[in-house]
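Presented below is the structure to which this report refers.
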Amino acid sequence: MTKAGSNEKDGLYEFIVKLADGTECRVFYNREPEWQLTNISRLQKTPCPVCRKDFICKCMDQFSGDIASQIEAGQWFDKALAQ
Ligand SMILES: [Zn+2]
């Protein structure tokens, strides 16, 4: 997971997350009052692992909870922000 952008004043962060299967996603977080995943979208580099489309789809939305808990469990915020 790497930081792609932030607006520290508003507590908004954008990260690129690489999943175990090679899929890359762009995730948006709001850290006020606590880290909360607000949006997720798949980067268009690889076909969707769920529906195999290579254009935009909503499949990643259903995994946002899983991805958010893995990010939290791995303390990826600290690692990404330390870069
Ligand atoms: Zn899909």
Can you run the Rg to Rh ratio on the stretch 15-55? Use alpha carbon positions and the Kirkwood inverse-distance Rh. 1.07
How much of the calculated P(r) for the stretch 2-81 lies past 18 Å, in percent of all Cα pairs? 37 percent
What does the charge add up to near residue 12, with Lys and Arg as +1, Asp and Glu as -1, over the other residues with Cβ less than 12 Å from its Cβ? -1
Once phi for every residue in the stretch 34-45 is put through the Karplus expression 6.51 cos²θ - 1.76 cosθ + 1.60 (θ = phi - 60°), the whole-Hz ³J(HN,Hα) values, with Gly and Pro written as x, are 8, 3, 9, 6, 9, 7, 9, 8, 7, 5, 7, 6
For the chain, what is the mean residue ellipticity at 222 nm derived from helices alone (per DSSP H run of n ≥ 4: -39500 (n - 2.57); sum divided by total residues; nearest 500 deg cm²/dmol)? -5000 deg cm²/dmol
Backbone HN-Hα couplings from phi across the stretch 72-83 [Karplus 6.51/-1.76/1.60, Hz, Gly and Pro as x]: 5, 4, x, 6, 6, 4, 4, 5, 5, 6, 7, 5
All lysines inside 21 Å of residue 58 as judged from Cα atoms, apart from same-chain residues fewer than 8 positions distant: 18, 45
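The numbers here are math on the coordinates, done by the rules we state, and not lab data. Values in this document were obtained by computation on a predicted structure and should not be read as measured data. As a convention, Cβ positions derive from the backbone with ideal geometry for all residues, glycine included, and neighbour counts pool all protein chains shown.
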